[in-house]
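Structure first, then comments.
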Amino acid sequence: MEQKELIDLFHYNTTNYSDQLKYEKGSVFGYENEIHLVENLNDISIELSYKEILPNLSSKRPMSAKEPLHREQLLNLLYNSYRFKNDKSLKAPSAGGIYPLELYVVIQNVEGIEKGVYHYNREKISLNYINGFSNIPRLNVPSNNFTENVGCMIFFVCNITNMMNKYGARGYRYCLIECGHIGQNISIVSDHLNIESCAIGGFYDARVKKYLNLSDNFYPLYSYVLA
Ligand SMILES: Cc1cc2nc3c(=O)[nH]c(=O)nc-3n(C[C@H](O)[C@H](O)[C@H](O)COP(=O)(O)O)c2cc1C
């Protein structure tokens, strides 16, 4: 099977969000030959200050209409989460240094920026207008209806071309992993900037692909909402 065919087979067979039959939270499990790293958790001598190392990263979902986000907040968030600079001060690791992920920003309520779909240029730190809308299209599944109250949505889209050339179909895995790295940056930076954020996996792939005007080698994988 061709690499691209394999990627398409997986990607397009996992777009159906309503396939979830059971909802059970993951439980902690043990093995018979367990080695306790410490007998008593109170004996752990280094208690790193959680606030200094990692802020409280709980998801924040705006349940009613919020004040608009400011253009400056969005700029600071994007710049500090994902950027390319000649001094190599990149903000996330990427397999082979390829950086296959592109961020697309759907602006709903951001002061100083017109509603619409934009592509984020991580080198120039600019937004490139792609598509406008008078009514915001429903891009997320009904259980995510709080996304109507947010200032913007950020879609993580992988451009599979260079990844596939170097790693074959395995490159698709790396793209998923890289979403996690950048997502974590967005969680941390938005917390620091007092922006409410929530990771979103429940969106309609085909609609996102259409509104973002994505070509065949571009796959929407993950998203964040900011308020
Ligand atoms: C891959 C992924 C997809 C997610 N998709 C959604 C989503 O579609 N809607 C939503 O409200 N939360 C979504 N979340 C957020 C989780 O529900 C949330 O992180 C989890 O309940 C733990 O809560 P906390 O983040 O407040 O600690 C997603 C999180 C991840 C990592």
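The values are calculated or read from the model by the stated rules, or taken from the named source; none is laboratory data. Remember, predicted model here, so these are calculated numbers, not experimental data. Every residue, glycine as well, gets a Cβ built from its backbone with ideal geometry; the counts of neighbours run over all protein chains shown.
Here is a yes/no grid of residues against (1) within 16 Å of the ligand (Cβ to nearest atom); (2) over 18 Å from the mean Cα position of the chain (by Cα):
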| position | (1), (2) |
| --- | --- |
| P100 | no, no |
| I107 | no, no |
| Y120 | no, no |
| G132 | no, yes |
| I136 | no, yes |
| T147 | yes, no |
| V150 | yes, no |
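So which residues in region 181-218 are of a type in the set (F, W, Y) and either more than 20 Å from R138 (Cβ to Cβ) or within 13 Å of the ligand (Cβ to nearest atom) (or both), if there are any at all? Answer for region 181-218, where residues must be of a type in the set (F, W, Y) and either more than 20 Å from R138 (Cβ to Cβ) or within 13 Å of the ligand (Cβ to nearest atom) (or both): F203, Y204, F218.
Being in contact (Cβ under 8 Å) with a residue 60 or more places away in the chain, surrounded by 20 or more Cβ atoms within 10 Å (Cβ to Cβ) and in contact with a helix residue (DSSP H, G or I) (Cβ under 8 Å, 6 or more places away or on another chain) holds for only one residue in I113, I182, and it is I182.
Look at V150 and say whether it is touching a Gly at 6+ places or on another chain (Cβ under 9 Å), modelled with pLDDT of 95 or more and surrounded by 12 or more Cβ atoms within 10 Å (Cβ to Cβ). Reasoning before the result, please.
Working: touching a Gly at 6+ places or on another chain (Cβ under 9 Å): no; modelled with pLDDT of 95 or more: yes; surrounded by 12 or more Cβ atoms within 10 Å (Cβ to Cβ): yes.
So V150 fails the test.
Run Y167 past the list (1) within 16 Å of the ligand (Cβ to nearest atom); (2) touching a helix residue (DSSP H, G or I) at 6+ places or on another chain (Cβ under 9 Å); (3) of a type in the set (F, W, Y) and report the number of the one that doesn't hold. Exception for Y167: condition (1).
Could you tell me whether S223 is within 14 Å of the ligand (Cβ to nearest atom) and modelled with pLDDT of 95 or more? Spell out the reasoning first.
Values: within 14 Å of the ligand (Cβ to nearest atom): yes; modelled with pLDDT of 95 or more: yes.
For S223, the condition - within 14 Å of the ligand (Cβ to nearest atom) and modelled with pLDDT of 95 or more - is met.
For the condition under 24 Å from G180 (Cα atoms) and modelled with pLDDT under 90, what is the one hit in P62, P55, P93? If you could, list the steps in order and put the result at the bottom.
Numbers: P62 fails: modelled with pLDDT under 90; P93 fails: modelled with pLDDT under 90.
After ruling out the rest, the residue left standing is P55.
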